[in-house]
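Reading through the C-alpha cells given below for one structure.
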Amino acid sequence: MKTKVLMVCLGNICRSPLAEGVFRHLATNKNFTVDSAGTANYHNGAAPDVRSIAVARKNGIDISNLKARQLTNQDMDDFDHVLVMDEQNRLDALARCTTEMQRKKIALITTASGIDATHVPDPYYGDENDFEFVYELVYQCCSAWLAKQ
Ligand code: 4NP
C-alpha cells in the first residue's frame, strides 16, 4: 500500500502546493501519494499563487492545476503523514484532530526531514526571492524526508 503524505500550510496557495509539486516530482515511481491543504478556508478552490506557479515552472514542475482546499478531520484519518510548514500550522492542524492517532501524524516538515531550519516561512507578503527561498527549502525537506523513509 502507498504511503499517503499531506502537505499543510495556512492558505494552501503558496507553500503547501509547492511542497506537493516538489514531493510528487521527487517521489515519482516510489510508493507515495501526496496532496495538500490549508488550515484556513480563505482561498478554497483557488489555483496556487502565481509566484508559486512561476518558481515551480522555472524548475520544471507544473502546479498550475492544483486547487486550494481546507484541512479536515477526515484528512487526519486518510493520510499517514501530515507535514506542516510552521508552528502555527501545527497548532491549527492539531486543533482539527479528535484522536491521539491523528495527532501523532502531524510533524513540522523541517523537523521531520532533519533539515537545519525551524520552519518554512510564509512568503505571501514577500517577493519573488521569498518564493525562491521557499522552493529551495521545501526541495531540501522533501528530498531529505524521502531519503529517511
Ligand atoms: P500559504 O501562504 O499559507 O503558504 O498558502 C498564505 C496564503 C494566503 C494568506 C496567508 C498566507 N492569506 O492571508 O490570505
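Quick note: the coordinates plus some simple rules give every number you see, no bench work behind them. From a predicted model like this one, the values you see are computed outputs, not experimental measurements. Virtual Cβ from ideal backbone geometry, glycine too; neighbours counted across all protein chains shown.
Taking a ≥ b ≥ c as the square roots of the eigenvalues of the alpha carbon gyration tensor, the chain is rounded, as a/c is under 1.5. Sites listed here are chymotrypsin sites (Phe, Trp or Tyr not before Pro) in the stretch 92-149 whose DSSP assignment is loop and whose Cβ has at most 13 other Cβ atoms within 10 Å: Tyr125. If the cut-off is 27 Å between C-alpha atoms, which lysines fall inside it for Lys67, apart from same-chain ones fewer than 8 positions away? Straight-distance partners of Lys67: Lys2, Lys4, Lys30, Lys58, Lys104, Lys105.
Our summary gives the stretch 53-113 a relative contact order of 32 percent, counting only alpha carbon pairs under 8 angstrom and 6 or more residues apart. The Cα atoms of the stretch 1-71 give a gyration tensor whose axes a ≥ b ≥ c have a/c of 1.5 or more with a/b no greater than b/c, which makes the shape oblate. The value of relative contact order for the stretch 14-149, using C-alpha pairs under 8 Å at least six residues apart, is 28 percent.
Distance between the modelled labels on Asp78 and Lys148, one decimal in nanometres: 2.5 nm (7 Å Cα→Cβ projection).
Here the stretch 3-148 is treated with +1 on each Lys and Arg Cβ and -1 on each Asp and Glu Cβ, and its dipole about the Cα centre works out to around 420 debye.
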